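The values are calculated or read from the model by the stated rules, or taken from the named source; none is laboratory data. Predicted model, so just to flag it, every value in this text is computed and none were measured. Reconstructed Cβ throughout: ideal geometry from the backbone, glycine too, with neighbour counts over all protein chains shown. Heads up: the accessible areas ignore ligands, DNA and RNA and are worked out on the full protein's heavy atoms, side chains in. Shrake-Rupley method; radii C 1.70, N 1.55, O 1.52, S 1.80 Å.
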Amino acid sequence: MRLIQFENAQGQRQVGIVDGDRVQVVRNSSSTRELALAAIRGQHSLQDEVSHRGCESGPDYAALLRNGQVLPPLDHEDPAHCLISGTGLTHLGSASTRDKMHQPQHLHQGEVEAGMTDTMRIFKWGLEGGKPAAGQVGAQPEWFYKGDGSIVIRPGADFPVPPFAEDAGEEPELTGLYVIGDDGQPYRLGYALGNEFSDHVMERRNYLYLAHSKLRFCAYGPELRVGELPRHLVGRSRILRDGQILWEKEFLSGEDNMCHSLANLEFHHFKYAQFLRPGDVHVHYFGTATLSFADGVKTRPGDRFQIRLDAFGAPLENGIGESAQPLDIGQVRQL
């Protein structure tokens with residue numbers, strides 16, 4: 001089952017199931033979060049909750065996407081209660097690109113090889129202990145904070161770019177979508193395509209700038225895939241410029257292509273008590289091994305990103321917009 005959230009012709013929020021060309025509208029449902037909390041309280045699955053409410057024939061799906069009516073598939077009415085985070089160096093092909101970005105620029109190749117970077121150390125720890133036996137705690141992955149729900153844009157929308165940004169690069173990833181139940185227990189609804197959108201030039205200057213480079217807008221969706229994640233997934237990441245393909249590459253995901261298990265990544269996020277506030281929404285990016293930046297691509301306003309993976313239905317498409325805010329160095333005032 002693949003769920004979407006959308007606005008109908010009257011501007012009202014609804015939840016739908018993607019069913020071919022049309023959307024089946026879930027009755028008496030205005031948000032995926034509300035649907036999930038009802039399932040948790042009823043002690044049954046999300047699919048059972050949808051079946052209990054029933055559906056009716058709805059609008060044309062392609063038209064919703066074309067008109068910008070499709071919303072992120074899970075959100076919170078108060079953006080401050082939606083936490084966007086992620087983890088890196090989780091995929092088997094991810095270390096090489098990141099290691100090159102994090103190597104001191106002044107060192108010769110021999111000097112680099114003589115000492116392992118922190119990037120490669122974390123990746124090695126993941127290879128050795130990222131998939132622990134059931135009931136065991138595995139190696140801790142890299143973790144980062146992106147922001148709250150206010151930095152999420154709709155599928156199809158343009159990414160705002162702050163005036164201090166040095167790069168506007170895509171990161172094709174899978175995301176886990178979660179709601180915290182009344183009992184403080186995290187519940188995974190499923191997964192969605194994600195574009196984590198980062199500033200790789202800033203990150204390359206010094207790996208300690210990673211935290212700064214991640215504080216950018218992001219997107220996920222358009223569909224929420226309910227249920228378990230296939231172990232091997234093959235997708236395509238593409239950049240379009242003036243309607244033509246500027247860059248395109250395959251990306252792999254699923255646990256067969258990762259050095260961490262999903263359960264281990266989830267444990268090391270939700271082990272923190274402040275992430276277990278009842279009713280909150282969490283969107284967690286699981287990392288990637290494919291970046292256009294690694295191939296020397298420099299994006300610009302007007303470019304379009306397209307991330308496609310057949311198991312997730314419609315592709316996630318977003319563009320690059322103009323500056324998100326004016327740069328005011330003296331914006332803080334003394335009271």
Could you check the spin-label model distance between His44 and Glu322? Points 7 Å from the Cα along Cα→Cβ, value in nm. 5.2
If you count only protein heavy atoms with a 1.4 Å probe, what accessible area per residue comes out for the chain, rounded to a whole Å²? 47
Out of Leu64, Leu224, Leu189, any idea which swings most in a Gaussian network model of the chain, alpha carbons joined below 10 Å? Leu64
As straight-line cross-link partners of Lys131, the qualifying lysines (C-alpha separation under 22 Å, not fewer than 8 residues apart within one chain) are Lys271
Give the aspartates and glutamates reachable from Lys124 as a straight Cα distance under 14 Å; neighbours fewer than 8 places away on the same chain don't count. Asp99, Glu142
Once label points are set 7 Å from the Cα along Cα→Cβ at both Gln331 and Asp78, what is their separation, rounded to one decimal in nm? 2.3
Per the helix-only calculation at 222 nm, which mean residue ellipticity applies to the chain, given -39500 (n - 2.57) for every DSSP H run of n ≥ 4 and division by its residues, nearest 500 deg cm²/dmol? -5500 deg cm²/dmol
His76, His212, ranked by accessible area, largest first (probe 1.4 Å): His212, His76
Rounding to the nearest 20 debye, state how big the charge dipole of the range 183-283 is about its Cα centre with +1 on each Lys and Arg Cβ and -1 on each Asp and Glu Cβ. 280
Can you give me the Cα centroid spacing of the range 2-80 and the range 316-335 in angstrom? 32
Separation in nanometres of the label points that stand 7 Å from Cα toward Cβ, at Arg53 and Arg66: 2.8
Assigning unit charges at the beta carbon (Lys, Arg +1; Asp, Glu -1) and nothing else, what dipole magnitude in debye, to the nearest 20, does the chain show about its Cα centre? 80
Taking a cut-off of 26 Å between Cα atoms, list the lysines near Lys298, but don't count ones fewer than 8 places away on the same chain. Lys100, Lys146, Lys214, Lys249
Apportionment of accessible area to carbon and sulfur, the chain, percent (1.4 Å): 50
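In percent, what relative contact order does the chain have, based on Cα pairs under 8 Å that are 6 or more apart in sequence? Please report the intermediate quantities before stating the final value.
Working: 751 pairs, mean separation 74.7, N = 335.
Taking the mean separation of contacting Cα pairs over the length of the chain, I get 22 percent.
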Looking only at Arg53, Arg308, Arg236, which one moves most when the chain is put into a Gaussian network model with springs between Cα atoms under 10 Å? Arg53
Under-5 Å amide H pairs with Cys55, H placed in peptide plane, nonlocal only: Arg27
For the range 225-291 versus the range 142-193, the gap between their alpha-carbon centres in whole angstrom: 10
Cut-off 10 angstrom, C-alpha nodes, Gaussian network model of the chain. Which of Thr117, Thr299, Thr290 fluctuates the most? Thr117
